[in-house]
Amino acid sequence: MINEYNRDFELAKTAKVGVPLGKQSLDVPLPNYVEARYGDLSFDLLRASLVALKKVYNGQSFETGNDGVGMDDYLVHLEENDLDNMIDSGFQEMIDKTDEFSMTLEDALENDTQRMNELYNMLQGQVVHIKTDMTSAFGVLITYQDNDGD
Amino acid sequence: MQKLLNKNISKALFSSVNIAPLVVFRIIFGALLLYGSIRFVAKGWVHELYVAPDFYFGYLGFEWVKPLPGSWMYLPFILMIIAALLIILGWKYRWSCSVYFLSFTYVELLDKSNYLNHYYFVSLMVFLMIWLPAHRKFSLDTYFRPGLRSESTTAWTINILKFQLAMVYIFAGIAKINSDWLMEAMPLKIWLQAHHNVPLLGEYLQKEWVAYVFSWAGCCYDLFIVFFLLYKSTRIWAYTFVIIFHLVTWLLFPIGVFPWVMIFSTLIFFNSDFHQTILNGFRRIMNSFSSIKRHQKPETSKMEGRLSPQRKAWITGLISIYVLLQIAVPLRHVFYPGHLFWNEEGFRFSWRVMLMHKEGYATFFVEDRSTGRMSEIDNSGYLTETQEDQMSTQPDMILQYANYIHEQYQGKTVTYRGQSFTFEDPAVRAQIYVSLNGRPSQLFVSKRHDLTAFTYDLKHRDWIEPFSN
């Protein structure tokens, strides 16, 4: 479950921002990899997926919006309040960042690389928190084979 | 004093003892080898670990060991299964042990992503078995060659196995004497609480004091269990602890056959009467299945008498080398500066089990030197999940992977939206964050290093970012 969440987040980071921004193509932006390129919706889609990932993290119901038990509560239960705050505010900062753009994602790739890179770095930082700090706090031994802990 | 010591050593090596413990060990360990090999194949791990990957993390000096093409990788496992069967039956015993040892060790040498201490243990034990006369009673070898039969063996053949087990436990215990384990109850604290949903016990497993009890008890157990197993008056209690301890680890952690290997191997500490009883039991079972009566001949040969002084000197010398190596290898880490868990220099082959929880996130970059432009590498395009997990926290693997990326991109031309780039001796960089034993993640490898500039050797790796506690 944590594993899947990690993967979803990385997918958002790489596929929705990284690849179009040229992170895997020597900094040459690839606008044809922009999600829903011709629909002008790409920023909205990116924002929506960040909101969804945040909701999953907080255990928020998608229908009622009520705050249920999520990974945030588990971290608090483990007395990892700092980490919880960091992840939660990280999400909010990224969502706010996407709101700053008043253009399409495709335009932003060409004309606002500076801010796109800032957004990408925020995503990258968040992956580190989720993949190393949170996973390690949960103590999940993600193993596919036998393991003796080394 | 010197004389007394010599006498004791000579007794521990060359006195004549009942062969039964060795024979029982052969049968039980052979059965474990058989089970372990079949289980490995049945779980689909041969394909997953040794057929599917594109790249393998070889060991320093053994990088020439390569997997067989495609389904041929099943061959060493088939050999292992046959050899294990023959070890149990005691047929062509030394050959069978050699075949098992070579096949198993070959597979282990292929990829250090799959390194486990207990695999290393199996390699060592089977290597030792090649040299032990564990087939000289209750075996097909003696059935076909009655002259081979012996009721006794020289003491070293049993004591070397006890020594090997003692090394595993004692070094595992010494490794636990560190502040994370004893003062923070880490990583057990985070591992145990992950079992909070276990019925009845789950509630306790989240309690901090329980993690401390487990940590301290585990450390004491590892350090002292061998001494309690060695003395007759404490042995039965010690063995009860062996069973409880390993069953608990088996229930809580995904450690496969290791608990069973230890539970059954430690039987070697029991005296020969105990093992004779087991052998009689085996014999009764066999007799009830077959009507063939074995031709029992009274034992005449005494092994001790046959050993010439030169031969004794040889055996003493070789055993000394083995013993010194087994003591020196786990201690080699003292020659490296820095934090052992962070740098992992001199970490493997040292019985450091269940000692740390590392989580890493590694982003690699390939850089076109002429333009200074960089591309992020999609690790999943080159490595399996297990390999990526292992690599992202282990410096030697990080270096091997960087070199592999370099090879993959060397001379490669890529075109993006009409712009072409050709990689000539590309630089490979990495930005890696690691969390050790529940601490906040910190920078492990910085992007400022071109990893292709470093050679993979045994020298201290000063490009690892220093660990701050």
Relative contact order in percent for the stretch B:101-199 (Cα pairs under 8 Å, 6+ apart) equals 15 percent
Simple SL model, points at 7 angstrom along Cα→Cβ for B:V334 and B:Q310; separation in nm is 3.8 nm
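Taking the solvent-accessible surface of protein heavy atoms with a 1.4 Å probe, what is the per residue accessible area of chain A in Å²? Intermediate values should be presented prior to the final figure.
Details: 6710 Å² over 150 residues.
Accessible surface, normalised per residue, equals 45 Å².
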Note to self, chain A gives a 222 nm [θ] from helices alone (DSSP H runs n ≥ 4, -39500 (n - 2.57) apiece, / all residues, nearest 500) of -16500 deg cm²/dmol
Counting only protein heavy atoms and leaving out ligands, DNA and RNA, the solvent-accessible surface of A:D67 at a 1.4 Å probe, in Å² to the nearest 10, equals 110 Å²
Length gained if A:R115 through A:A36 is fully extended, taking 0.36 nm per residue and subtracting the Cα-Cα distance, is 26.4 nm
Which residues qualify? For B:A427, with a placed amide H closer than 5 Å and at least 5 residues away or on another chain, they are B:E367, B:R369
Of the stretch B:83-115, those with amide N under 18 Å from the point 7 Å along the Cα→Cβ vector of B:E63 are B:109-114
Those residues in the stretch A:118-132 that give up at least 40 Å² of accessible surface, probe 1.4 Å, once the partner protein chains are present instead of the chain by itself are A:Q124, A:V128, A:K131, A:T132
Once the in-chain neighbours fewer than 8 apart are removed, the lysines whose Cα is under 21 Å from B:K162 read B:K7, B:K11, B:K137, B:K232, B:K312
Taking Cα pairs closer than 8 Å and at least 6 residues apart, the relative contact order of the stretch B:10-140 in percent is 33 percent
Loop-resident GluC sites (Glu not before Pro) in the stretch A:66-133 with no more than 11 other Cβ atoms inside 10 Å, DSSP not H/G/I/E/B, are A:E79
Dividing the helical contributions, -39500 (n - 2.57) per DSSP H run of n ≥ 4, by the residues of chain B yields a 222 nm value, nearest 500 deg cm²/dmol, of -17000 deg cm²/dmol
Per residue, the convex hull enclosing the Cα atoms of the stretch B:1-64 spans a volume in Å³ of 171 Å³
Expected field for B:F77, accessible surface area in Å² at 1.4 Å probe radius, rounded to 10, holds 10 Å²
Averaged over residues of B:407-420, the number of beta carbons from other chains lying within 10 Å of each residue's Cβ is 2
Of the listed pairs A:K54/B:K207; B:K43/B:K112; B:K112/B:K189; A:K131/B:K358, those with alpha carbons more than 21 Å apart are A:K54/B:K207; B:K112/B:K189
With Cα coordinates, the longest principal axis of chain B makes an angle with the long axis of helix B:395-409, in degrees rounded to 10, of 50 degrees
Longest principal axis of chain B (C-alpha) makes with the long axis of helix B:74-89 (C-alpha) an angle, in degrees to the nearest 10, of 20 degrees
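Over all residues in B:352-363, what is the mean tally of Cβ atoms on other chains that come within 10 Å of each residue's Cβ?
Mean partner shielding for this stretch: 5.
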Reported to the nearest 10 Å², A:L41 has, with a 1.4 Å probe, an accessible area equal to 90 Å²
In Å², rounded to a whole number, the accessible area per residue of chain B with probe 1.4 Å is 47 Å²
Expected integer from the mean partner chain Cβ neighbour count at 10 Å over B:366-375 is 3
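Could you tell me what % of all Cα pairs in the protein assembly as shown have separations over 32 Å?
Across the protein assembly as shown, Cα pairs with separations above 32 Å total 57 percent.
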With a 1.4 angstrom probe the carbon and sulfur portion of accessible area for the stretch B:427-469, in percent, totals 51 percent
From the Cα centre of the stretch A:17-61 to that of the stretch A:72-124, the distance in Å is 12 Å
Computed over chain B, the relative contact order (Cα-Cα under 8 Å, seq sep at least six) in percent reads 16 percent
Output row, site B:Y74, 7 Å Cα→C-beta label point, backbone N cut-off 16 Å, window the stretch B:28-51, residues B:37-51
Measuring from the longest principal axis of the C-alpha atoms of chain A, the long axis of helix A:81-100 (C-alpha) lies at a number of degrees, nearest 10, equal to 10 degrees
Rounded to the nearest 100 Å², the accessible area hidden between A and B, summed over both chains at a 1.4 Å probe radius, is 3900 Å²
B:H195 and B:L85 label points (each 7 Å along its Cα→Cβ direction) are spaced in nm at 3.7 nm
Between B:K11 and B:K447, the FRET efficiency computed from the C-beta separation at R0 = 51 Å comes out, to the nearest 0.05, as 0.25
Contour minus Cα-Cα span, B:W209 to B:A52, at 0.36 nm per residue, comes to 52.1 nm
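The values are calculated or read from the model by the stated rules, or taken from the named source; none is laboratory data. Keep in mind that this is a model prediction, so the values were computed, not measured. Note that each Cβ is placed from the backbone with ideal geometry, even for glycine, and that neighbours are counted across all protein chains shown. Only protein heavy atoms, including side chains, enter the accessible area calculation; ligands, DNA and RNA are left aside. Shrake-Rupley method; radii C 1.70, N 1.55, O 1.52, S 1.80 Å.
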